[in-house]
Every structure is written in structure tokens, then in C-alpha cells.
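In what follows, a structure is listed as C-alpha cells, so that the remarks can point back to it.
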Amino acid sequence: MRKPIIAGNWKMHKTVAEALAFARAIEDKLPDPEQVEAVICAPFVTLPALVEWAKGKPVGIGAQNMHFEEQGAFTGEISPVMLKELGVQYVILGHSERRQYFNETCESVNLKTHAAHKHGLIPIICVGETYEEREEGQTKEVVRSQVIKALNNLTAEQVKRSVIAYEPVWAIGTGQTPTAEEAGDVIAYIRQVAAEQFSPDVADAIRIQYGGSVKPDNIGQFMQQADIDGALVGGASLKPDAFLALLEG
Ligand SMILES: O=C(CO)COP(=O)(O)O
């Protein structure tokens, strides 16, 4: 059985003070970790305070990006070693905003995925088609290529520990979503790609989230799809009540 994983992606929101105010507002209301894995992916500068706060609580803390090298002359970058030392457990890789604005490529996502596993971080690997690609009927082709490249040369055990987030680019921050059935269909296809690239056993273990305009009032329909194992949520994860409602499904 795959445990659902609901992750908030705060993007470039919240100062340390705001992050801690959020943390205090949810800390007594977090759900049973046997039922759902709750994760907050926050800006780098808030991670030390959030990791400290999260100790012993049923919530994991993640970063939103990292470099693939352990150290070096990469001004402005953060390495997996630095995240690991802090006690960060997850890292979002290949988010469409990073692909669009910060030159992230399928090749760098693959290097980062290997680096994440080397340092014991769980990668949340984002894939998804643009509006134009969807209009041209290329959704599955695009997603297939992104998944195969991201997972290239990983071991079966590493893939099983990875999380994939299917985030159609046109659904991010727009209030538009595919239907739950459409999202479920693409996610089932991603599982099929993982079965071909690795094995049915690996495909059965890897968790695949849906992301893109997920809110408390629509998460239930996505979670009802057999192949959808959770959600990666932007805007709606910023408010304590909404985040708690998302965790309740
Ligand atoms: O990009 C997203 C999560 O990574 C989705 O953002 P929204 O939930 O704000 O659409």
C-alpha cells in the first residue's frame, strides 16, 4: 500500500517569522502520520527554524531546489550536503517554474535526483505539459520523456523512494485543473512508464502526486483516483486552515 503524501510548496512566500506563525497554528492539529505523510517545502532561509520546530512532529520539511554538486564555485546555490546537515528530508526537483525561469533541464533534474538519493533526501520530481503541448495532444509524450530522463540510471530501490508530481503547467496557479479522471489517466500512464523503464514492482511502489490548483474543495476527487497518491499544493498550502483541510483530504 502506498501512503498518501500531501506536500505544500510555499514557493517564494513567508519570512521566518511568518513560517513559524504558520507552524504554531497547525502544530496541534496535524493528522496521524500512519494515514498521511505531511510535508512543507519552504524557502531555504526558513528551513533551519522549520526543521527545529518539526522535530518529533508528524510533518516533514523539504527544500524547493538544490544544486547537484556537494560544494564548489556556484555562487548563490545550496548543496545537498547543506540540506542534509540541517535535517531537511525532501527536495522538490524540476518544478516547472524552475524549468521556465531558471534554466532547469531534464539533464540537471537527473543529476539532482541522483544527488538527492546519494545524500538520503527524498526527491519530489515535477513533470507536466504546457497548454500548447496539451492542445497538440502531446501530454503523454512530454511526460514520458521527462520521467524517463529524470529517473535515468537510478537503482530500483532509489526509484521506489522517489516521489513524482504530475503538474500540468497550465493548471499551476490558474484555478484550472484537468478532471480527476484526466489527471488519474496521465498518472496511471506515468506508472506504466516506470514499469517499462524499471519493473512492475517499482511502478507499484513509487508515489505519484497531482499538482496544479489543488484546493480543499477539490482534493477529494483527485485522491479518489486509484493511481493518485497525494498532492503538491502551492497557493492553498499557505494558509494554516486550508493546509490542514488538504491533509484531511
Ligand atoms: O506549482 C504548484 C505546486 O508545486 C501548484 O501551485 P498552485 O497549487 O498554486 O496551483
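Ellipsoid semi-axes for the range 1-113, based on the Cα gyration tensor and the rule √(5λ), read 25, 16, 13 Å when sorted largest first. Compared with the alpha-carbon gap, the fully stretched path from E107 to F44 is longer by 20.4 nm at 0.36 nm per residue. Listed cross-link partners K57/K140; K84/K160; K57/K149 are compared with a 29 Å cut-off, the Cα-Cα value being larger for K57/K140; K57/K149. Expressed as a whole number of Å, what is the distance separating the alpha-carbon centroids of the range 1-38 and the range 142-215? Each part's Cα centre sits 22 Å from the other's.
Helical runs assigned H by DSSP (4 residues or longer) give the chain a calculated mean residue ellipticity at 222 nm of -12000 deg cm²/dmol, each run adding -39500 (n - 2.57) before division by the residue total. Across bins of 10 angstrom width beginning at 0, how are the C-alpha pair distances of the range 65-133 distributed, in whole percent? Here the calculated profile for the range 65-133 is 21, 53, 21, 5, 0. Tell me the net charge near K57. Cut-off is 13 Å between Cβ atoms, K57 excluded, with +1 for each Lys or Arg and -1 for each Asp or Glu. Net charge in that neighbourhood comes out at -2.
Using C-alpha pairs below 8 Å separated by at least 6 residues, the relative contact order for the range 55-151 is 27 percent.
Before anything else, pin down the relative contact order of the chain: Cα pairs under 8 Å, at least 6 apart, normalised by residue count, whole percent. Please report the intermediate quantities before stating the final value.
On the way: 481 pairs, mean separation 52.7, N = 249.
Across the chain, relative contact order equals 21 percent.
For E37, the residues whose amide H sits under 5 Å from its own are I5, I6, ignoring neighbours fewer than 5 places away on the same chain, with H placed 1.01 Å from N. Subtracting the Cα-Cα distance of N218 and V81 from 0.36 nm times their residue separation leaves 45.6 nm of extension gain. Taking all protein chains into account, the per residue accessible area for the range 114-249 stands at 41 Å² (1.4 Å probe). Rounded to the nearest 20, the size of the Cβ-charge dipole of the chain about its Cα centre is 580 debye, with Lys and Arg at +1 and Asp and Glu at -1.
The listed residues F102, F222, once ranked by accessible area (1.4 Å probe) with the largest placed first, stand as F102, F222.
Two tests apply to each whole DSSP H helix in the chain, Cα reach of 20 Å or more along its axis and mean Kyte-Doolittle hydropathy of at least -1.0, and the ones passing both are 180-197. Accessible surface for M223 stands near 50 Å², nearest 10, in the context of the full protein assembly shown (1.4 Å probe). Residues whose amide H lies under 5 Å from that of I125, counting only those 5 or more places away or on a different chain, are L93, V163, I164, A165; hydrogens are built 1.01 Å from N in the peptide plane.
When Rg and the Kirkwood radius Rh are both evaluated on Cα atoms of the chain, their ratio Rg/Rh stands at 0.93. Packing order of peptides 9-21, 157-169, 66-78, 41-53, highest average first: 157-169, 41-53, 9-21, 66-78 (average count of other Cβ atoms within 10 Å over each peptide's residues).
Counted by Cβ distance under 9 Å from H95, the other residues give a net charge of 0, where Lys and Arg count +1 and Asp and Glu count -1.
Given the Cα-Cα distance of A156 and R2 and 0.36 nm per residue of separation, how much length would full extension add, in nm? Using 0.36 nm per residue and subtracting the Cα-Cα distance, I get 53.8 nm.
The values are calculated or read from the model by the stated rules, or taken from the named source; none is laboratory data. What you see is a predicted model, and the numbers here were worked out from it, not measured in a lab. No Cβ is skipped: glycine too gets one built from the backbone with ideal geometry, and neighbour counts run over all protein chains shown. Surface accessibility is based on the protein's heavy atoms, side chains included, excluding ligands, DNA and RNA. Shrake-Rupley method; radii C 1.70, N 1.55, O 1.52, S 1.80 Å.
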